[in-house]
């Protein structure tokens, strides 16, 4: 795939004007057009039939796209070699069979870990300071604190447990340094050197992690073995006044058990992900007082989506130069995605 020895690949770009403005601002777009002078840029959205017709007409080797892209047809395997997806999960876009047949797919991967960690910190502080409680009470019931002893807590010096020690957890660990917290994590596959480098205690078990955490941050992967892994037994182990935060995968947590822990033990909860998304209007989670809810906002904010565009530009340059790509989605990654 060396530049000097092959013709320029056919490149098709599909995105809405808003996606273009966020992921491909003028300087990044200019770099893309310089790399591929003959690229074809089409405005989304398209109907599925229009999309399939466009693919048959252009027969691109490379597709660059974002959220507003219809699913790829299996017949695209005849010409499509690389899908450069600017966003996260590709489950609704790419049939598994295309990856099995050799399609290279990349996404934003770990480039968004810093913004997800930032949102994790927001939810931790919101739960400890009871932002969800007071926001509702002040807006809907006209309430005010009673006396000088509110039910609020500081993050400084707390015991923070991380269920999972991937890229997001590692970024969060760095953000937590100024708070002088005592970090523990449970992630059996991560080597001891990583724990030592980040000054994190290796929990011996999930029971150990939950029972010793004032703040439990759920960031375990969404693999089948983790379905409803966090339920009544683990939630009961959390100390009094603990808070539970989930920015990982909704399917890892039994939401009915969360509701029981909130109502029976007063567990404070902060969530950005759910087993069913959008969160159903009749979900019991919406009726809890001691909860902070976000509608899956943990990913990159619009002002930081240019980071994903810069990563895509680097990956595209690597592709035509026969260099390794970053954040490649293999079958294992595909199967763990939501």
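Bear in mind these aren't lab numbers, they're just calculated from the coordinates by the rules spelled out. Since the model is a prediction, treat every value here as computed from it, not as a measurement. In this analysis, Cβ positions are derived from the backbone assuming ideal geometry, glycine residues included, and neighbour counts consider all displayed protein chains.
Exposure proxy shown here: for 65, 87, the number of other Cβ atoms within 10 Å sets the order, fewest to most, as 87, 65. When 20, 81, 145 are sorted by how many other C-beta atoms sit within 10 angstrom of their C-beta, beginning with the fewest, the order is 145, 81, 20. Most tightly packed first, judged by the mean number of other beta-carbon atoms within 10 Å of their residues, the peptides 327-334, 108-115, 266-273, 216-223 read 266-273, 216-223, 108-115, 327-334. A viscosity of 0.692 mPa s and a temperature of 37 °C, combined with the Kirkwood radius over Cα pairs in Stokes-Einstein, give a translational diffusion coefficient for segment 207-258 of 297 µm²/s. Percent of C-alpha pairs per 10 Å bin in segment 277-338, short distances first: 16, 26, 31, 17, 9, 1. Among beta bridges from DSSP that stay inside segment 112-293, the antiparallel ones total about 0%. Using just its DSSP H runs of length 4 or more, each adding -39500 (n - 2.57), the chain gives a mean residue ellipticity at 222 nm of -10000 deg cm²/dmol after division by all residues.
Principal axis extents of the Cα atoms in the chain, from largest to smallest and rounded to whole angstrom, are 72, 47, 35.
For residue 263 and residue 58, a Förster radius of 35 Å and the Cβ-Cβ distance give a FRET efficiency of 0.05, rounded to the nearest 0.05.
Set against the 2.2 N^0.38 Å expectation for a compact globular protein, segment 207-335 has a Cα radius of gyration ratio of 1.31. With a Förster radius of 35 Å applied to the C-beta separation of residue 208 and residue 141, the computed FRET efficiency comes to 0.30.
If you wrap the Cα atoms of segment 112-293 in a convex hull and average its projected area over all directions, you get 10.7 nm². Segment 1-105 has equivalent-ellipsoid semi-axes of 20, 18, 13 Å, by the square roots of 5 times the alpha carbon gyration tensor eigenvalues, sorted largest first. If you wrap the Cα atoms of segment 21-75 in a convex hull and average its projected area over all directions, you get 4.1 nm².
The distance between label points at residue 17 and residue 233 comes to 5.6 nm (points 7 Å beyond Cα on the Cα→Cβ vector). Working from label points 7 Å from Cα in the Cα-to-Cβ sense, the residue 40 to residue 179 distance is 5.0 nm. Most tightly packed first, judged by the mean number of other beta-carbon atoms within 10 Å of their residues, the peptides 295-301, 130-136 read 130-136, 295-301. The C-alpha atoms of the chain define a longest principal axis, and helix 131-140 lies at about 80 degrees to it. Were the residues from residue 33 through residue 8 laid out at 0.36 nm apart, the gain over their Cα-Cα distance would be 7.8 nm.
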